[in-house]
Amino acid sequence: MHKRSMNYFPDKSFYWSNSSSSARRESKYRSPLDENNLLLQTDFKQPTCAPQSLQLPCAAVHTVLSSIQNSVCLTCFVNIKALLLPFIMCSVSPDKRRKMESALEQLKKHTVVVADTGDFNAIEEYKPQDATTNPSLILAAAKMAAYQHLVDQAIKYGIAKGGPEEEQVTNTMDKLFVSFGLEILKKIPGRVSTEVDARLSYDKDEMVSRALGLIALYEEAGIKKDRVLIKLSSTWEGIQAGRELEEKHGVHCNMTLLFSFAQAVACAEAKVTLISPFVGRIMDWYKENTAQKSYEAHEDPGVISVTKIYNHYKKYDYTTVVMGASFRNTGEVKALAGCDLLTISPGLLGELSKDHSTVTPMLTVQKGKACDLEKVHLDEKEFRWQHNEDRMAVEKLSDGIRKFAADAIKLETMIKEKMLNVKNGQ
């Protein structure tokens, strides 16, 4: 980078300095560039009558850019211009700034945004922190031409492992789920959720075994288990499998297909890492089974359910975090701004990126602490009774397991056909 020991701009007292003084580093208007520890500094004094939103006028920034444009190389100029963007934003009033920012950008300030997809391109476009997958998403992605190489690699792996056909298919399925997870992890800084076969939802020991097998595949590929969340159905057996995986094996779990408060309480008491209550599917049930066919966000049954769970967790300091899932519209998403995490489909992420309405945190730790919910303890008998009393939750949990199982069977059928072709040399 072109070194400029001191370039003054007397009208606003902007200058460049390559000083490494710790005192200068502490100013909130100083940012380090990547090369040579070069620091941008602004020390001009704003008249006390001027509003704080004008602490660094846009005109001053443009003066800097105009003055240096012909003095540095293009790469340095681009870097400097990008560096000055926060200063330009400082000169914009908070209301105008919110209008300039998309709803997605605002949401990311209050909530960890997770992409609910197996499509790598969508993940790259919206830059979420984490990503989630499930059998339905993997089935859809596996049908795309762009991902056939992953399917082919998984089939070769399954055949090479040997054993009866059923075992080869199972190994292929697990390898395929992990292969998608590995590709996703290349595009996100956080964690990927990989789901255990929904057909094991009532078999604790088998869920634990399959989960450990998935983790082993990730570790063979050089991925530590801290970057993986194992998704398990929120049956009593699934929750106990989550407890065992967390306590005995240090495997982090994402409890999915969660619809009732009883499920949420049992997950918190099992100290699993994360739960995924299904917002949209809850609303679907009420629209299908009651006279009300539309809901505003604040009265949406799914939004109300997640809000209650979040407040209960925060009031009693549970370590399990809440990730709202299965959204039907952006109104539901914005109504849960402030939730620990929200996993959102690419379609809704696209809508949020074009939406410039104001997003404010609706869920906060403070509100949770102030709620009047009583602490609840559930053993197995009480869990089964309380969950059974929630007709919506019983029906949606069973329906969700059936649908995920059906998509897993479709994926297996596709794999068997391709596997047969490979064995026959086609």
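Bear in mind that the values in this text are calculations on the coordinates, not laboratory data. Since the structure is predicted, the reported quantities are computational estimates derived from the model, not experimental observations. All Cβ positions, glycine included, derive from the backbone under ideal geometry; neighbour counts span all protein chains shown.
Karplus couplings for segment 219-228 from phi (6.51 cos²θ - 1.76 cosθ + 1.60, θ = phi - 60°), rounded to Hz, Gly and Pro as x?
5, 4, 8, x, 9, 6, 5, 5, 9, 10
Report, by chain and number, residues whose modeled amide H sits under 5 Å from the one on S193, excluding near sequence neighbours (fewer than 5 apart, same chain).
Residues meeting the amide H criterion: A131, T132, T133, L229.
Step through the table entries K109/K375; K248/K271; K314/K396; K108/K334; K175/K224, compare each Cα-Cα distance with 18 Å, and write down the pairs that go over it.
Where the Cα-Cα span goes over 18 Å, the pairs concerned are K109/K375; K314/K396.
Over segment 131-222, what relative contact order in percent results from Cα pairs under 8 Å that are six or more residues apart?
Worked out over segment 131-222, it gives 31 percent.
Taking 0.36 nm per intervening residue step and subtracting the Cα-Cα distance, what contour gain separates S209 from T360 on full extension?
Separation in residues times 0.36 nm, less the Cα-Cα distance, equals 50.1 nm.
Let me see the pair-distance distribution of segment 206-302: every alpha carbon pair, 5 Å bin width, integer percents in order.
2, 13, 22, 17, 14, 11, 9, 6, 4, 1, 0
Could you work out the local net charge near I188, counting Lys and Arg as +1, Asp and Glu as -1, over the other residues with Cβ closer than 10 Å to its Cβ?
So the surrounding residues net to +3.
If you take all C-alpha pairs in segment 257-359, what percent of them are over 19 Å apart?
That fraction is 42 percent.
Using alpha-carbon positions, what is the distance between the centroids of segment 303-350 and segment 376-426, in Å?
The two parts, judged by their Cα centres, are 23 Å apart.
Can you compute the modelled spin-label distance between K308 and K248, with each label point 7 Å from Cα toward Cβ, in nm?
The answer from the label model is 3.4 nm.
If r is the Cβ-Cβ distance from D372 to E167 and R0 is 60 Å, what FRET efficiency results, to the nearest 0.05?
0.70
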